[in-house]
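Step one of this worksheet: look at the structure below.
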Amino acid sequence: MFQIGDFEVHLLSGGQIMVDAGGAFGLVPRVLWSRYYTPTEDHLLPMCLNCLLVKANGKNILIDTGMGSKLPPKYIEQSQLTYPYGTLFDGLARLGLSVEDIDLVIDTHLHADHCENNTRFDDEGHVVATFPNAEYVVQRREYEDAIKPNERTRATYVPLNYTPLYESGQLRLLEGDTEFLEGIKGVVTPGHTPGHMSVLISNQEQHLFFICDLATYAIQLERLGWMTAYDVEPLVTLETKRRWQPWLIEHQAIVVFPHDTQTLAARLIENQDGKPQLAPLGADEGAVYS
Ligand SMILES: [Zn+2]
């Protein structure tokens, strides 16, 4: 758990899948990225699906929802979805929370691995909100892209995860950077998708940045040119990272990553050569699942 002023920021696991390493690192040659991450014989890398639960002024805010509630068995088998730390709901239960206790769900973007647990099937097979009392939010640009997917994005934009929420009025669309409450802000960080959002949690001089897929794997924050093959606008990802790197260094922000099983969180520092370098945080510094 990270303490940012009065805010408790809990890292929760929304599951873990195996992905093709070519997807994870795109154009980066294997000889370079494999210095940091070791693929299986089948050229797969583990990818965790991290979510955050923020306790703030009596409110419970969930950032991203992971995977599992409505998946076909075939997908579960192919992706090798497992829950090494229990499900998201197990994590919430460990914090004494049930789905009814969530006040706000922030979707960083609508790729299925980030929002599949937004909704679930009820006993009659209807799709309903998993968090019945929550307001859900996502960037309007992201929603518009998600309801009109193209041949490249269709596999990951699954309307059941968000369209029923929009139609029932439970999903609010955001117009750019948005402060949800004092100290908790959604900031548009385009590239992975044009409407991709990160979340900045601040208290005076303390900052925690849930970077989400602006850096899918931690090393991709350090290396501007390294990114996944899934980034819709890779050169925009590069420029967004270029903008954020100096800010993260200057403010000594805790950066929390969405998918990296080796580095859950890190600070970015300037090394002796004046280059950005990751300084991973240990479990004793808060980088551990609640
Ligand atoms: Zn992702």
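Between Asn271 and His43, 0.36 nm times their residue separation minus their Cα-Cα distance comes to what?
Values: separation 228, 0.36 × 228 = 82.08 nm, distance 3.17 nm.
Stretched fully, the Asn271-His43 segment lengthens by 78.9 nm.
Leaving out ligands and nucleic acids, note down the accessible area per residue over region 118-273 with a 1.4 angstrom probe, in whole Å². Kindly include the intermediate steps, with their values, before the conclusion.
Values: 7110 Å² over 156 residues.
Counting only protein heavy atoms, the per-residue value for region 118-273 is 46 Å².
Restricting to the chain, compute how many DSSP beta bridges are antiparallel as a %, nearest 5.
Values: 43 of 58 bridges.
Antiparallel bridges make up about 75 percent of those DSSP assigns within the chain.
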Exercise. Residue separation times 0.36 nm, minus the C-alpha to C-alpha distance between Ala155 and Asn133: what's the value?
Worked result: 5.0 nm
For this session: Go through Lys55/Lys185; Lys241/Lys275; Lys148/Lys241 and tell me which ones have a Cα-Cα distance over 25 Å in this structure.
Result: Lys148/Lys241
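R0 = 35 Å: FRET efficiency of His251 with Glu77, Cβ-based, nearest 0.05? Walk me through the intermediate numbers first.
Numbers: r = 43 Å, r/R0 = 1.23.
It comes to 0.20.
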Exercise. What ³J(HN,Hα) values, in whole Hz, does the Karplus curve 6.51 cos²θ - 1.76 cosθ + 1.60 give for region 257-271 when θ = phi - 60°, with x put for Gly and Pro?
Worked result: 9, x, 9, 8, 6, 8, 10, 6, 7, 7, 9, 9, 10, 9, 7
For this session: Would you mind getting me the FRET efficiency between Asn57 and Glu239? Use the beta-carbon distance for r and R0 = 35 Å, nearest 0.05.
Result: 0.50
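How much length would be gained if the chain were fully extended between Phe121 and Glu179, taking 0.36 nm per residue of separation minus their Cα-Cα distance, in nm to one decimal?
Values: separation 58, 0.36 × 58 = 20.88 nm, distance 3.15 nm.
Contour length minus Cα-Cα distance gives 17.7 nm.
Just by accessible area at a 1.4 angstrom probe, what is the order of Lys59, Lys148, Lys275, Lys241 from largest to smallest? Could you put the intermediate results ahead of the total?
Details: Lys59 100, Lys148 150, Lys275 125, Lys241 0 Å².
Greatest to least solvent exposure: Lys148, Lys275, Lys59, Lys241.
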For this session: Report in % the part of the accessible area of the chain that belongs to carbon and sulfur, leaving out ligands and nucleic acids; probe 1.4 Å.
Result: 49
Exercise. Based solely on its DSSP helices, what 222 nm [θ] is calculated for the chain when runs of n ≥ 4 H residues each add -39,500 (n - 2.57) and the sum is averaged over all residues, nearest 500 deg cm²/dmol?
Worked result: -5000 deg cm²/dmol
For this session: Mind listing the long-range amide H neighbours of Asp177? Cut-off is under 5 Å, sequence gap 5 or more, other chains count too, H placed in the peptide plane at 1.01 Å from N.
Result: Val188
For this session: Taking just the C-alpha trace of region 125-258, give me its Rg and Dmax in Å.
Result: 15.8, 50
Seminar exercise, completed: Rounded to two decimals, the Debye log10 I(q)/I(0) of the chain (Cα scatterers, no solvent) at q = 0.12, 0.13, 0.14 Å⁻¹ is -0.72, -0.86, -1.01
Seminar exercise, completed: Here FRET efficiency (C-beta to C-beta, Ser98 to Gln262, R₀ 35 Å, nearest 0.05) is 0.65
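The values are calculated or read from the model by the stated rules, or taken from the named source; none is laboratory data. Remember, predicted model here, so these are calculated numbers, not experimental data. For neighbour counting, all protein chains shown are included, and Cβ atoms are generated from backbone atoms with ideal geometry for every residue, glycine included. In case anyone asks, the SASA skips ligands and DNA or RNA and just uses the protein heavy atoms, side chains included. Shrake-Rupley method; radii C 1.70, N 1.55, O 1.52, S 1.80 Å.
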